[in-house]
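Colleague: One structure coming up, written as structure tokens, with questions to follow.
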Amino acid sequence: MLLNDPAVSHVIAYLDTGEGSSHGMVFATLRDLSTGRASGAEVAARVVARMGKDIHAEYHAQAPGNIMMRVGSNSSGVSYILRSEDDRLLGPATRKLAKALRHHPEFTDVDPDVDPPGQGITLTIDRDTAARVGVTPQVIGNTLSDALGQTTASVVYTAHGQYNVVLTVEHRFQQDPEILKQFWVSPSGGSASGSSASNTIRVVTSAAASTTASTNVTAFRNQIANSLAGGANASTGSAVATGAETLVPLSVVARITPSLDPVAVTHIGYASSASLALELAPGVSLSQAQAIIDQEWHSLHLPKEISGELQSDEGDLGRSTHDSEILIIAAILAVWITLGMLYESVWHPLTILSTIPSAGIGAVVALDLFGLPFSGMAVIAMLLLTGISLKNAILLMDFAIHAERERERGMTGREAIREACLLRLRPIVMTTFAAALGALPLVMMGGYGMELRQPLGIALIGGLLVSQAQTMFTTPALYLLVERLSREKHGKSV
């Protein structure tokens, strides 16, 4: 069905055959945008609509972002990550949140990465009873590991290779959880670890052999067997033990109950996590998606032990926004201090910095006119626009300030800024249009990576045009306003 879509070039299918897995994945490569094909989100919605008629499986289509940064086990451009120390809380909470978000038209697809819980066994140790009979949790864990955990007891070396001797119960005893009720543990192996806790044959003497002589005979026989097994020091972990002991049924010191447990647990850092792959409708921003998720989070009364955050290809929304604000403020402050030292003024640098908002407004308006979202490439364009817009304002301000300070020319502030506009207009226009023409191929060029280049070029051109107009009209007015305030403070006329 995917190959029949005109926008799909070729596909690769992958089936996860791991234990407990029920997922299959199909990767589709789309044709070039220059062929006029639809966007990745539109193709994904179209495929889901076609496959939705199949009642035997659940289908989700995701259009990865331009900059791939996998979040959780989903490859969607936007994901909501849930974290908790208790992995049993994540599954129900994730499914509840996914069901609630599917009712909002702002999300075209919501795909949780959690499967329905599988049947499990919970073994709860009665520590009081275990302590009375001398059984430690370590012994219980080692016994279960040796019986069911595929423990390597030894390695057999031959001339052609080496072979692991795996300690386990027979396969027919691994099919029914009731076999756990037939397990016995040793109350005298608290200090043992690994296979040495249960990799021994227990020798129990009869009631008639309880005398000292009989015990000595049994110990002597076992010592000979240990010596034959591996030497004088082969008593620990070998096939024969020298002492007599009494075993305790596992059901006496532990309670075995069935439970529903997650089939797989994903970790991000040290906490268990689950994720929701989100496909946003056209025109829906990350902040709008965050607001809807917060609203549903509070209405569902999810446990306090669970925390969540919205992440995208640009990273964590809250963290990246906070970091960007700090970086922008730090950059503006550094420019303001540098220009203040250069012009020996506190107010003239503010006139130059006033050109920054116009460049950002032009970039946002241009992207909106072409129906493009404000993406990471648009942020890069705004950083480039900041330097160009500041350069244009510096050309005007630098000439006007120096012309006004030249006493022999006797210029007022109005005359200085007027002459600066007349003399600096041509270089400002030439550099602005040179930069705009340099960004034009980013908009016009097709081929691979077109979806990355277009927002960058459109944002650059729009910001340059608006910044050019603002520099030539509002910068002189702000210069005169600052100059007038400064003159009035010192009792002079403009």
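Colleague: Out of the residues in the range 118-133 that are in a helix (DSSP H, G or I) and in contact (Cβ under 8 Å) with a residue 40 or more places away in the chain, which is surrounded by the fewest Cβ atoms within 10 Å (Cβ to Cβ)? Let's see the steps before the verdict.
Modeller: First, the residues of the range 118-133 that are in a helix (DSSP H, G or I): 127-133.
If we keep only those that are in contact (Cβ under 8 Å) with a residue 40 or more places away in the chain too, we end up with 129-130, 133.
Values: T129: 14, A130: 20, V133: 12.
Only one residue tops the list, namely V133.
Colleague: Right, next: Would you confirm, using the coordinates I've provided, whether T108 is in a strand (DSSP E or B), out of contact with any Ser or Thr (no Cβ under 8 Å at 6 or more places or on another chain), outside the structural domain of A49 (by TED's automatic domain parsing) and not charged (D, E, K, R)?
Modeller: Considered against the rule, which asks whether it is in a strand (DSSP E or B), out of contact with any Ser or Thr (no Cβ under 8 Å at 6 or more places or on another chain), outside the structural domain of A49 (by TED's automatic domain parsing) and not charged (D, E, K, R), T108 comes out as yes.
Colleague: Right, next: Can we say A277 is part of a helix (DSSP H, G or I), buried (at least 20 other Cβ atoms within 10 Å of the Cβ) and not β-branched (V, I, T)?
Modeller: Taking the combined requirement at face value, the residue does not satisfy it.
Colleague: For the range 9-30, name all the residues that are modelled with pLDDT of 75 or more and more than 19 Å from L372 (Cβ to Cβ). Give the derivation first.
Modeller: If we filter the range 9-30 for residues that are modelled with pLDDT of 75 or more, which is where we start, we get 9-13, 24-30.
Those that are modelled with pLDDT of 75 or more and more than 19 Å from L372 (Cβ to Cβ): S9, H10, V11, I12, A13, G24, M25, V26, F27, A28, T29.
Colleague: Testing T136 on (1) modelled with pLDDT under 80; (2) over 33 Å from the mean Cα position of the chain (by Cα), one condition comes back false. Which one is that?
Modeller: Checking T136 against (1) modelled with pLDDT under 80; (2) over 33 Å from the mean Cα position of the chain (by Cα), the one that fails is (1).
The values are calculated or read from the model by the stated rules, or taken from the named source; none is laboratory data. Just so you know, these numbers come straight off a predicted model, no measurement behind them. Here the Cβ is made from the backbone with ideal geometry for all residues, glycine too, and neighbour counts use every protein chain on show.
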